[in-house]
Amino acid sequence: MSENQLNAGPLEYRTHEGQMNITGFWIFLAAEIALFATLFATYAVLFGRTADAPSPGELFQPGIVLVMTFLLLTSSFTCGVAIHNMREGTVKGLITWLIITIVLGLAFLGFEIYEFVHYSHEGATMQSSSYWSAFYVLAGTHGVHVTLGIGWVILLLIQLKQRGLTAVTSNKVFIVSLYWHFLDVIWIFIFTSVYLIGMVV
Amino acid sequence: MNQQRHPFKKWLALVPLGFIVFLSGCELAVLDPAGPVAQSQKDLMIYSLYFMFGIIIVVFVAFGVMVFKYRDNKPNRKDEDYKPNLHGNTLIEVVWTVIPIIIVTALSIPTVTTLFELEKPPESSADKEPLVVYATSADWKWFFSYPEQGIETVNYLHIPTDRAIEFHLSSADSMASFWIPRLGGQKYGMAGMENILYLQADVPGTYNGRNANFNGEGFTAQTFEVQAQPQEQFDTWVQETQEQAPELTQDEYDSLLKPSLVEEMTFSSTHLQWVDHGTNAGRDYSIIRHRNAYDETLHIENVPGPGWISENE
Amino acid sequence: MQLDEFFVTGEPLIYGGMVAIALVTSAILFILTYFKKWGWLWREWLTTVDHKKIGIMYILSALAMLFRGGADALMMRTQLAFPNMQFLNAQHYDEIFTTHGTVMIIFMAMPFLIGLMNIIVPLQIGARDFAFPFVNALSFWSFFFGAMLFNISFVIGGAPDAGWTSYTPLAGAAMSPGPGQNFYLMGLQLSGIGTLATGINLMVTILKMRAPGMTLFKMPIFTWSTFITSFIIVFAFPILTVALALMTIDRIFGSQFFTLTGEGMPMMWANLFWMWGHPEVYIVILPAFGIFSEVIATFARKRLFGYNAMVWSIILIAGLSFLVWVHHFFTMGAGAFVNSVFSITTMLIAVPTGVKIFNWLATLYKSRIVLTVPMLWSLAFIPSFVIGGVTGVMLGMAATDYQYHNTYFLVSHFHYVLIPGTVFACFAGLVYWYPKMFGHKLNERIGKWSFWLFLIGFHVCFFPQYFLGLDGMARRIFTITPEWFTLNFISTMGAFMMGLAFAIFVYCIYYSYRYSEREISGDAWGYGRTLEWATPTPIPAYNFATVPQVNTHDAFLEMKEKGKTTFDEENLEPIHMPNNTGKPFIMMGILFFASFFLVFEWITLAVIGLIGGLVMMIIRSFDYDDGHHIEVDEIKRTERAARGL
């Protein structure tokens, strides 16, 4: 699908470059999977090692986490709608839906920051035990990825305004959408293996 | 040509055999075992060496023949000796895949059985209860606690011969590896964890032991001596120690834990009364007391002490 | 912070190092200024995105690092042969073996091979550059600045001293205070970014940019090994990234991953480190196998035996490399069952490796071996590596490993695989492809001197160490007992022979630069089989004027038989090339300072640096530089001049 989009590009080499960008980004995502897998493994190994700090079951709040999950899943959907608009060639729809996507992402981040601050006040900081170190670094790495994603989308919004939909800008937007969906998948794993299990155990 | 080389090849086969005989007879610590654990490890080594020399001979001979015979500037090369497009032969490729698999299998089986045997006290002393010794590493010294006898030694230990020793390995701080080459292979001692290592000496004597895992500036000097002696002599030593050695106080122990090199010491009580570094509760005992002691280097120029090369010798 | 805390003081050797650095730096600055070369340096090198030039910069940096790592090695050997001289104290010795290991693996072996890949892989597959030339430049500068950051540690702040494996808790903030360990963490992290990017870049290049007709199973074997190596990089380097990040957070921000307090788990570092570290040793050995395959086939003047088996064994080795990490710490007490499993997986690696050895031998069968210097390095690899390989199997047998672990037996084993494997391959590859890079061969006579001296020195140095290990000599001790003196002395003699051989090699480069005949043919050795030899020398910026159609494994051999070249005048088209850019250099320069500040835990400055890096990324995002075209006329001029038409 993306290739049709790119085949409309003005020059042959641009198409080829665009294809390579996408292949390269998929491989980058594979590396990201290895990165998050390592963080998940670390988290699993350190699970329960809370020392003197509160246990996750005491702190995790199902409400907030559900809202966060809802926000991020919806943002993945709106991101998909944005790409659909791009395929149709409507720049305005694309921009609108991308803005909705990052607003949802910002809301997600807001809750995550609130959550972190709240836990810290309850005595579970990154320094208090190895379990909490693993928690903050795993969830925090995801949060940093979301932040970077938001910044990236903003940059692309400006470029879309400046240049409209070209082979290059559409290629960039498609790649950022892959990234955004990937973050959603990672969050699903965090939601299940960190929050759900943390609340049950 | 072939006839000439044949006897020569036979002689070549004797070289590695001689080498193995030389290795098994020579005084290298690991190949000069003084107990059943080291003995079983040595037997496995020698067993594997036969395979290794077999592989080396095959490859070296094949390599030598190829390079000698197919070099470009060899006089009177024949044209049929050059086949630039020869690129495969299924049969021979299968053969040289299967043979290594057989060798790996032949090596795996005794490896696995030995591994499981090493987890238990040696068979030869199955009739006696193993002697329990807690070996605790602390930068850069060894504490040996005998809970049943209620004594503790630093940087040396006495063990009875013909009886399994059950070492409980742990560390007060950095990870160390407890190793007495002539009695058997090593295992790590780690803070907050306990490893069990069974060793046994059959021959009375003095054996060198050391920490084999690098753990900082004093690492080289983190050695100890093992006195293996018959049970009666060991009992006498225990009794003398119980009667004559001073008690170990917690204050003294805490100051001994500070990163440093110390002499051999003997006490008539053990530190296990207040801390066992092999448990989760004891894992940070030392580090919370001596966290700031690592800022200073010891400036160790050469290790003063018996055995090491130093200016005085 | 006081100035005397900032600079390392009190060590005469380090003062010597400072003086040497100051002198060399001022000499370089003077020469650049005097000959007005600053513009040239910036235009031709610092801003280049040409894979060939980047490759050359990789190799030059790697040679410099080989010198540094080698100097470390000679200092250690001097101390161990003559402990009475009090040449090094314990602390200094610890620092030196730490930097020796780190520099040799991360900043010598890998960049050297990546440099060769940079130059050769696009040429072998008929491509005009990497898939992402900008990223390629970024990768190089990330490695370069990472290496610089690591290397300044011995004069500024203090070198790391916890071993190249940096096991926790020893390497943690409590037991290794000060910036030394931070240099290790940040230096590796910075260069790791580049390695990961290179892995992705090479994968896309190989997947998407091959010449028409070159299917995956018609690729030259060096390209195959590069491709599989890139896979390993992509899946192994993120583990290192995480491990380094966690230890950095531990040390600087007080988290409890690998600490003894807060229920941290120091052994997890060893696991994470080797989950990256074992694949890492295959990252440096598989490309070496590829180089040997190319060189042996070329100078045996015969097609590589068992091409498919070669490829599949590389793939198998790569897969197994992720399943053996526990063999680095059988002695951790994981139990007989776990050790049995990892023992068997470890020994299984010997099977595909053995297949490769036999395939190389079979390639020699009924061949016409030409004993050039690269061929000598490759041939010497086979028997030497077999010794390293069989001792590797012995180490893999966990029950006996308890006796070999942490001894000179182990030290000897891994030098026996890494030197004949990686270092010989670096020399073989460099000498083999040297005429492609610089337009003239290296002198064969001097090259042979250097080769024989190095080979003999290597065996003299490391063979005795097997026996030292069996006699109970632990690795990383800084002084010895008298009974180990003889073997240590012999070993040190061997080390100095290798040092001398390296000096001769460097002299060979100089001598050949002055006196060697210039190449006019692209196929310098006359036996070239693969596409890199199809280009003229010097290689034009665009590599191939017309990209050839590939039908067989040895594409260039076929072209020679059919009388074809890569210059088909009728079918020339303008070639699109990327523009040079200074952004990679500047971006990594900024991140260098950010990392440096983080090493000293100056958080505000580090954050400013990090923001600078982000700003550079934003600037890059708005960069719509499309590159330029090389017109047909210019291609014709270049090719005719190069081919003497």
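The values are calculated or read from the model by the stated rules, or taken from the named source; none is laboratory data. Predicted model only: the values in this text are computed from it and were never measured. Cβ atoms come from the backbone with ideal geometry, glycine included; neighbour counts cover every protein chain shown.
General remarks:
- Residue-level check: of (1) of a type in the set (D, E, K, R); (2) touching a Leu at 6+ places or on another chain (Cβ under 9 Å); (3) within 29 Å of residue C:261 (Cα to Cα), residue B:148 misses just (3).
- Residue within the stretch B:128-142 that is modelled with pLDDT of 95 or more, assigned by TED's automatic domain parsing to the domain that holds residue B:274, closer than 22 Å to residue B:192 by Cα and not in a strand (DSSP E or B) present: no
- Only one of the listed residues (C:399, C:425, C:380) is in a helix (DSSP H, G or I), within 30 Å of residue B:116 (Cα to Cα) and not β-branched (Val, Ile, Thr). That residue is C:399.
- The set of residues from the stretch A:45-72 being surrounded by 15 or more Cβ atoms within 10 Å (Cβ to Cβ) and assigned to a helix (DSSP H, G or I) comprises A:45, A:46, A:56, A:59, A:64, A:65, A:68, A:69, A:71, A:72.
- Residue count, the stretch C:294-306 (criterion: under 14 Å from residue C:220 (Cβ atoms) and either buried (at least 22 other Cβ atoms within 10 Å of the Cβ) or among the small types (Gly, Ala, Ser) (or both)): 6
- If you check C:422, C:479, C:492 for being under 30 Å from residue C:401 (Cα atoms), among the polar types (S, T, N, Q) and modelled with pLDDT under 95, only one passes: C:479.
- Qualifying positions in the stretch C:353-383 - under 24 Å from residue C:413 (Cα atoms) and at the interface with chain B (Cβ under 7 Å from one of its Cβ atoms): C:354, C:355, C:357, C:358, C:361, C:379, C:382, C:383
- Note on the stretch A:134-191: residues that are within 11 Å of another protein chain (Cβ to nearest Cβ), in contact (Cβ under 8 Å) with a residue 60 or more places away in the chain and aromatic (Phe, Trp, Tyr) amount to 1.
- Of the helices (runs of 4 or more DSSP H) that lie entirely inside the stretch C:89-162, those containing 3 or more residues that are within 13 Å of another protein chain (Cβ to nearest Cβ) and either more than 23 Å from residue C:175 (Cβ to Cβ) or of a type outside the set (D, E, K, R) (or both) span C:90-102, C:133-151.
- Elements of the type helices (runs of 4 or more DSSP H) sitting completely within the stretch C:542-631 and holding at least 3 residues that are free of Cβ contacts under 8 Å to residues at least 40 places away in the same chain and closer than 30 Å to residue C:7 by Cα: these cover C:583-599, C:603-621.
- Residue identified as more than 30 Å from residue B:169 (Cβ to Cβ) and not β-branched (Val, Ile, Thr) among B:118, B:86, B:107, B:131: B:86
- Which listed residue is within 19 Å of residue C:136 (Cα to Cα) and of a type in the set (Gly, Ala, Ser), from C:589, C:612: C:589
- Residue count, the stretch C:371-388 (criterion: surrounded by 24 or more Cβ atoms within 10 Å (Cβ to Cβ) and within 18 Å of residue B:56 (Cβ to Cβ)): 3
- Test for residue C:157: is it under 18 Å from residue C:267 (Cα atoms) and either buried (at least 24 other Cβ atoms within 10 Å of the Cβ) or in contact with a Gly (Cβ under 7 Å, 6 or more places away or on another chain) (or both): no
- Applying the criterion of being touching a residue at least 40 places away in the same chain (Cβ under 8 Å) and among the small types (Gly, Ala, Ser) to the residues of the stretch B:126-167, the residue that is farthest from residue B:218 (Cα to Cα) is B:164.
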